[in-house]
Amino acid sequence: MTEIKKYTTFGEHLRLLRERAGLTLKEVASNIEIDISLLAKIERNERQPTRYLIKNIANYFKADEKELLDEFLSDQIAYKILKEDADLNILKVAEKKIKYGITKNK
């Protein structure tokens, strides 16, 4: 995706895609087959999309699905760390666990 500011939330990213395309909530919701209120809540980060919905959004906007998924997952990680009042060292520990799991399973 081009010209999307880094470190936006998934919802903000989605809103930017929609606004740059000059589309209304109603138009996008209809095309990705969800309720307008659900789309609005996703844009406001009040609800989370499913993986299936992320795929539909990527297809509709001809956007990179992996980039959208990365944005969504990074939101989840960030929210969890903030909620638990954890420091960023937790990311280093998690990275080590992931690397251990990957090499362990080879």
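We did not get these values from a lab; they are worked out from the coordinates using the rules stated. As the structure is a prediction and not an experimental result, all values here were calculated from the model. All Cβ positions, glycine included, derive from the backbone under ideal geometry; neighbour counts span all protein chains shown.
Could you give the semi-axes, largest first, of the ellipsoid that matches segment 44-92, computed as the square roots of 5 times the alpha carbon gyration tensor eigenvalues and rounded to whole Å? Kindly include the intermediate steps, with their values, before the conclusion.
Working: eigenvalues 132, 29, 9 Å².
Largest first, segment 44-92 gives 26, 12, 7 Å.
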### Summary
Protection proxy (average C-beta count within 10 Å per residue), highest first, orders 71-81, 34-44 as 34-44, 71-81
### Task
Using only C-alpha atoms and all pairs of different ones, pull out the Kirkwood radius for segment 10-104 in Å with one decimal.
14.8 Å
### Summary
Protection proxy (average C-beta count within 10 Å per residue), highest first, orders 49-55, 89-95 as 49-55, 89-95
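Calculate, in whole percent, how much of the Cα-Cα pair population of segment 12-59 lies beyond 18 Å.
Details: 147 of 1128 pairs.
Distances greater than 18 Å cover 13 percent of the Cα pairs.
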### Message
Between helix 65-83 and the chain, what is the angle of the helix's C-alpha long axis to the longest principal axis, kept within 0 to 90° and rounded to the nearest 10?
### Response
60 degrees
### Query
Per residue of the chain, what 222 nm ellipticity follows from adding -39500 (n - 2.57) for every DSSP H run with n ≥ 4, rounded to the nearest 500?
-21500 deg cm²/dmol
